[in-house]
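Here's the structure, in structure tokens; my notes come after.
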Amino acid sequence: MGESAVNRITYRRAMMKGPREAAGVPATVLEGSSLPASLVEALSRHDYATLGGKYGEASWGTPIEYDHVVIEHAGGRTEIEVFNRGIHSVRKDSAQFRRVFRVCEALRRACEKPTKEGPAEEIPPDEVRRLLITAGEKLKPSSREQILKAGASAVPALIEILVDEDLSMQDGPGDGYASIHAARLLGDLAAVDAVEPMLDVLAATDWDTILHDAVLVALPKIGAAVLEPALIDLVENDDADWSEGLRGVISELGIHDDRIRKILVAELRDEPGAGAMHLGNYGDASAIPLLHDAFDSLRPRGEEGFLDNQALIELKEAIEELGGGLSEAQEHKIERALEARVQPREEEEDDEDYDADAMTPVRAEPKPGRNEPCWCGNGKKYKKCHLGQDEAGER
């Protein structure tokens, strides 16, 4: 479907106490000049017109994560309603729902970006610093809105906070959260000037820290300006965990570039699981034969625990995400791989004693990294499980 096919998008998103609140969730309308071409391209890549319907259950946990999308296009009208999409991705994972999840994520990011209408409201650097240091773990929505409305004028102060080593320490001012908030805000502002400082922070922090993870999430929001410096850093830094994270960043930039593809194909050879996930993010269907070859080269194992055979699962998901499918023999291999995994627990969805709230155990800090096992214990990586829901709750 061509980009010009989308005429208007109405998007509602909220964390609710009960399903009755859905009717009162305010809507964001994107049309005409407010409809980013990059968003339309992302929606078209996931074939949004085929995703209409209702997904998830309000009873799966509280607060209820709610997304409601109406896309008016040349072919008609597509409506998507999702309850608890983070939990849905755990309980009823499928190639179609992964596309629904990505459509909702693309809309969430587009609607969270500060509006360009009206003049920016400048904010003194000292006030930015005060708001972030006193925020604690969660930045107030009013503080976030105030900083985003300041636009480019807030960027220098945010960069200064981001690179302040004292502010990143758990025993420092703001308990280490000021730098994390700064990274997220710089991503939301698509601050090009922050690319180099963010890459420096990425190189200086450990892969399992919240700040490192926040930078990994923020960089793709900045877009094309990240590519060239990221490619340079990938050549100069050979740390395995850091390089995997940065390859994930360039795979999510929404840019098709032969240099990115070569890097991800090489990663597929060396690390099939990570390479498959990143090629799926990259969105180039020409990689499907390479993913099939990698899939066929692996054998199911059952020795490492609940992440056994994760590479096979990532390969399957990437193939389906790019529009391909598995042969009957490959489907049997996936069945054997799943049977061989050591599961932390079994759940019976239809059990009369089933407790929906038990699906969302309380997560202890620190958050896992994007490529770490999710805190809920289901065996999926955090970025493909509760990351989106956790970020929504933090906001």
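No lab work stands behind these numbers, since they all come straight from the coordinates. Fair warning: this is a prediction, and the values are worked out from it, not measured in the lab. Heads up, the Cβs are rebuilt from the backbone with ideal geometry, glycines too, and the neighbour counts pull from every protein chain shown.
Numbers for the structure displayed
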item: Which of K149, K140, K316 has the fewest Cβ neighbours within 10 Å, and the rest in rising order; result: K140, K149, K316
item: Spin-label model distance (nm) - T50 vs K138, 7 Å beyond Cα toward Cβ; result: 3.9
item: Fewest-first ranking of E267, E41, using other Cβ atoms within 10 Å as the exposure measure; result: E41, E267
item: Förster radius 45 Å - calculated FRET efficiency between R130 and D239 (Cβ-Cβ, nearest 0.05); result: 0.80
item: Net +/- balance of residues flanking A178 in space, Cβ distance below 14 Å, scoring K and R +1, D and E -1; result: -3
item: Sequence-distant residues sharing a close amide H with R8 (under 5 Å, placed H); result: E72
item: Extension reserve of the A285-S153 stretch, reckoned as 0.36 nm per residue once the Cα distance is removed; result: 43.5 nm
item: Distant-in-sequence amide H partners of A14 (H built 1.01 Å from N, under 5 Å); result: Y66
item: Separation in nanometres of the label points that stand 7 Å from Cα toward Cβ, at I255 and D166; result: 3.6
item: Label-point gap, in nm, between E196 and S94 - each point 7 angstrom along Cα→Cβ; result: 4.9
item: Euclidean distance of C-alpha centroids, the range 147-214 and the range 32-94, integer Å; result: 30
item: Net lengthening on full extension, R301/I232 (0.36 nm per residue, minus Cα-Cα); result: 21.2 nm
item: Computed E for N7/Q146 - FRET, C-beta separation, R0 30 angstrom, nearest 0.05; result: 0.35
item: Set K221/K262; K262/K316; K149/K262; K54/K149; K17/K140; K17/K138 screened for pairs whose C-alpha atoms are more than 29 Å apart; result: K149/K262; K54/K149
item: Sorted by Cβ density within 10 Å, fewest first, the residues M16, M169, M277; result: M169, M16, M277
